[in-house]
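One structure below.
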Amino acid sequence: MTTYDDFKNRFKLLAGKNKHLVINTLSNIFTMRLIGNKTHGDLAEIGMVEFINQFMYDYKSIHVGKDLFRAKEHEEDIVIINEITKTKFPLSLKAYGDGPLQLSTDSHQKMFPFLEKQGGNITDRHKIEVIFNSQEFADFGTINIMPLIYDEKKQRCNIMIFDHRKAMRETHRIVYVKKIKDSMLTQKA
């Protein structure tokens, strides 16, 4: 079990026993969406650092997103340190509205051009395995991602514990959409 897997299990245990702590933290974060989209993403980084520092006694967290943002080569927003083993790992937080998720920013721009060449709707299991095992997807499982999900209309929020291995094992369909903005403009016309 990796350090991140251990953290995910501990986080799930804490959230399951103290759901109100997670709901209060996320509600405060997503209330900032009233001010602006970027604001609630920044607050998510700060809020989750404080959540971990206050409620997960055997972990310490540091907000590094503000320091690494300009480098554009790092995905992590926070670094988490296991206080017992002294191991640390990066975590990328993603704040999303209810709907499709972009779980990884492809900073090397390899995955999406590769998917475009594969076709728009892939359902063949063997082809899906080839995609996940390709050089272009080599980084897919290397970024620890924690999506924070909200539904403004229903005033609901939650944290998704993303499992890369399970996603690769259980993906039955890959749909590539070239440009969402172009699709939206076409629908409005």
**OP:** Would you grab the residues whose amide H sits under 5 Å from the one on Ala95? Only those 5+ places off in sequence or on another chain, please, with H modelled 1.01 Å from N.
**Re:** Leu148
**OP:** Give Lys19/Lys88; Lys12/Lys127; Lys94/Lys154; Lys117/Lys153; Lys60/Lys127; Lys127/Lys154 a once-over and call out the pairs whose C-alpha atoms are over 31 Å from each other.
**Re:** Lys12/Lys127; Lys117/Lys153; Lys60/Lys127; Lys127/Lys154
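Laboratory data are not the source of any read-out in this text; all were calculated from the coordinates shown. Keep in mind the model is a prediction, meaning the values are calculated, not measured.
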